[in-house]
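Contents: one structure, followed by commentary.
The values are calculated or read from the model by the stated rules, or taken from the named source; none is laboratory data. Just so it is clear, the structure is predicted and the values come from calculations on it, not from any experiment. Cβ atoms come from the backbone with ideal geometry, glycine included; neighbour counts cover every protein chain shown. We work out accessible area using only protein heavy atoms, side chains counted, and drop any ligands, DNA or RNA first. Shrake-Rupley method; radii C 1.70, N 1.55, O 1.52, S 1.80 Å.
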Amino acid sequence: MQVHRLPALSDNYIFLLEEGKQAAVVDPADATPVLEALKRLHLELVAIFNTHHHADHVGGNRGLLEAFPNAAVYASRADQGRIPGQTIALKAGDRFTFAHQPVEVLFIPGHTSGHIAYYFPQSGNLFCGDTLFAGGCGRLFEGTPAQMVDSLQQLKNLPAETQVWCAHEYTLNNLRFAVTVEPENRALQERYTAVQASRQSGEATVPTTIGVEIATNPLLRWDSPSLRTLAKSQDAVKVFAYVRGLKDKF
Ligand code: ZN
Ligand code: FE
């Protein structure tokens, strides 16, 4: 399976998955760049995978369905009624296939109450919307810190080499914050330097990997002694909530 990263809106990424002559798209913010890519690559769109209901993740559903009326629209069971054109309602642990590739559904609420991720175990690709970002995580619009810790822990449990395709190019700003809370983390400092260079030359910083995020993303590092000291707590949810709160004000 080949993953094409399509920039959209100001800082979104849409992912077009190519397998043989078929394609699926993850979180189409806008139909236009997807339709252009499908035409250029001579692909038929068979599925839309939405991670959550926000407009910058479902805004292209209707336009794509006009061109490909038979495409299936996969989204969370908990988002029924707020996903344009939804045909399939998914819950935790559901499995299905896209072009013979097995796909596993992770239920990861916190950013929104119905948020899901799509995990492809054979190729080691994770599409996690706005839950985990490179160097950060989504804001808690419809969930609690405890829910988000549970959701992020599910992602931390995936193999370290898993490719993480998150839906926004927020990495530089996330790491600018990260170095303020964990200044002594060498791997983080090195990543910050590398990402500054990448962004200066206009390169994308997505995908990242689970291993890199565990080593450098303070929103996953509630076990870090320095973050526990900073938050004055040994409790995962309290440490996470403290760091998330600092990021909200950054
Ligand atoms: Zn969102
Ligand atoms: Fe978003």
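Checked against (1) free of Cβ contacts under 8 Å to residues at least 60 places away in the same chain; (2) buried (at least 16 other Cβ atoms within 10 Å of the Cβ); (3) not hydrophobic (A, V, I, L, M, F, W, C), Tyr13 passes all but condition (1).
Restricting the first member to the range 36-57 and to residues that are without any contact (Cβ under 8 Å) to a residue 40 or more places away in the chain, and the second to residues that are more than 15 Å from ligand 2 (Cβ to nearest atom) and assigned to a helix (DSSP H, G or I), the beta-carbon pairs closer than 6 Å and six or more apart or on different chains are Leu45/Leu38.
How about the range 36-57: which of its residues are within 16 Å of ligand 2 (Cβ to nearest atom), of a type outside the set (Gly, Ala, Ser) and open to solvent by 10 Å² or more (accessible area, probe 1.4 Å)? Walk me through it before giving the result.
Step one: list which residues in the range 36-57 are within 16 Å of ligand 2 (Cβ to nearest atom), which gives 48-57.
Pick out the ones that are also of a type outside the set (Gly, Ala, Ser) and you get 48-54, 56-57.
Of everything in the range 36-57, those that are within 16 Å of ligand 2 (Cβ to nearest atom), of a type outside the set (Gly, Ala, Ser) and open to solvent by 10 Å² or more (accessible area, probe 1.4 Å) turn out to be His53, His54, Asp56.
Taken over the range 224-250, residues that are open to solvent by less than 30 Å² (accessible area, probe 1.4 Å) and free of Cβ contacts under 8 Å to residues at least 12 places away in the same chain amount to 2. Each residue in the range 115-126 was checked for being surrounded by 24 or more Cβ atoms within 10 Å (Cβ to Cβ) and either of a type outside the set (A, V, I, L, M) or within 11 Å of ligand 1 (Cβ to nearest atom) (or both), and 2 pass.
One residue stands out among those in the range 45-58 that are under 16 Å from Leu35 (Cα atoms) and in contact with a helix residue (DSSP H, G or I) (Cβ under 8 Å, 6 or more places away or on another chain): the one that is nearest to ligand 1 (Cβ to nearest atom), which is Ile48.
For (1) in a helix (DSSP H, G or I); (2) open to solvent by less than 60 Å² (accessible area, probe 1.4 Å); (3) farther than 15 Å from Cys137 by Cβ; (4) hydroxyl-bearing (Ser, Thr, Tyr), each residue gets a yes or a no:
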| position | (1), (2), (3), (4) |
| --- | --- |
| Thr180 | yes, no, yes, yes |
| Gln189 | yes, no, yes, no |
| Val195 | yes, yes, yes, no |
| Gly211 | yes, yes, yes, no |
| Leu219 | no, yes, no, no |
| Trp222 | no, yes, no, no |
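Could you tell me whether Ala75 is surrounded by 21 or more Cβ atoms within 10 Å (Cβ to Cβ) and either over 22 Å from the mean Cα position of the chain (by Cα) or small (Gly, Ala, Ser) (or both)? Spell out the reasoning first.
Details: surrounded by 21 or more Cβ atoms within 10 Å (Cβ to Cβ): yes; either over 22 Å from the mean Cα position of the chain (by Cα) or small (Gly, Ala, Ser) (or both): yes.
Judged against the criteria, Ala75 is a match.
Could you look through the range 23-32, keep only residues that are closer than 17 Å to Asp11 by Cα and more than 16 Å from ligand 2 (Cβ to nearest atom), and pick out the one that is surrounded by the fewest Cβ atoms within 10 Å (Cβ to Cβ)? Among those residues, the one meeting the criterion is Thr32.
In this entry, Val206 is excluded by the filter for residues that are open to solvent by less than 30 Å² (accessible area, probe 1.4 Å), within 16 Å of ligand 2 (Cβ to nearest atom), in a strand (DSSP E or B) and modelled with pLDDT of 95 or more.
Being open to solvent by 30 Å² or more (accessible area, probe 1.4 Å) and within 14 Å of ligand 2 (Cβ to nearest atom), is that true of even one residue in the range 83-91?
Taking the range 83-91 and keeping what is open to solvent by 30 Å² or more (accessible area, probe 1.4 Å), we get 84, 86-89, 91.
Keeping just the survivors that are within 14 Å of ligand 2 (Cβ to nearest atom) gives none.
No, because not a single residue in the range 83-91 is open to solvent by 30 Å² or more (accessible area, probe 1.4 Å) and within 14 Å of ligand 2 (Cβ to nearest atom).
Looking only at residues of the range 127-157 that are within 16 Å of ligand 1 (Cβ to nearest atom) and of a type in the set (Ser, Thr, Tyr), we find that the one that is nearest to Thr209 (Cα to Cα) is Thr131.
Quickly run through the range 58-75 and pick out the residues that are of a type in the set (Gly, Ala, Ser) and either more than 16 Å from ligand 2 (Cβ to nearest atom) or touching a His at 6+ places or on another chain (Cβ under 7 Å) (or both). Write out each step before concluding.
First, the residues of the range 58-75 that are of a type in the set (Gly, Ala, Ser): 59-60, 63, 67, 71-72, 75.
Listed by number, the residues that qualify are Gly63, Ala67, Ala71, Ala72.
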